[in-house]
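Asks: Take this structure, written in structure tokens, and hold onto it; I'll ask about it next.
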């Protein structure tokens with residue numbers, strides 16, 4: 001599979017994960033499916049450019065919490081995304097925290113399934 005197809009596959013997986021997590025949590029709302037696509041794109045961009053800077057700046061905290069602080073960074077990225085994307089609402093930090101965990105788990109499962117089908 002070429003790089004463009006992998007990017008599209010990853011975008012679809014993240015979009016489905018975002019939509020599912022918003023459906024599961026009461027404090028998260030996405031007004032339509034195209035908003036979920038936009039959330040997936042913004043999350044990807046923030047994870048590429050902002051997240052590494054935040055991780056670097058919080059290395060001591062992350063080290064002393066044995067990496068658990070990375071979950072706080074993920075929730076912070078979700079809150080930033082909610083401020084940038086109209087139609088995506090996050091009611092609280094804890095909702096963002098759980099949202100990031102659900103998106104991560106669902107994305108991982110879908111990526112494993114995708115890899116199995118790609119190998120066939």
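Every number in this text was worked out from the coordinates using simple rules, so none of it is lab data. Everything numeric here is computed off the predicted structure, so don't read it as measured data. Because the Cβ atoms are built from the backbone with ideal geometry, glycine has one as well, and the counts that use them run over all protein chains shown.
Asks: For the residues 23, 98, what sequence is obtained by ranking on other C-beta atoms within 10 Å, fewest first?
Replies: Values: 23 12, 98 19.
Going from least to most buried by this count: 23, 98.
Asks: Same structure again: Show me 35-42, 108-115, 70-77, 85-92 ranked by packing, highest mean number of other Cβ atoms within 10 Å first. Could you put the intermediate results ahead of the total?
Replies: Details: 35-42: 20.4, 108-115: 13.0, 70-77: 18.4, 85-92: 15.8.
Highest to lowest by the protection proxy: 35-42, 70-77, 85-92, 108-115.
Asks: Do the sum for the chain: with -39,500 (n - 2.57) for every DSSP H run of n ≥ 4, divided by all residues, what is the mean residue ellipticity at 222 nm, to the nearest 500 deg cm²/dmol? Write out the running numbers ahead of the final one.
Replies: Details: 6 runs with 95 residues, N = 120.
Computed ellipticity for the chain at 222 nm equals -26000 deg cm²/dmol.
Asks: Nearest 0.05, what FRET efficiency do residue 68 and residue 109 give at R0 = 30 Å with Cβ-Cβ as r?
Replies: On the way: r = 22 Å, r/R0 = 0.73.
My answer for the efficiency is 0.85.
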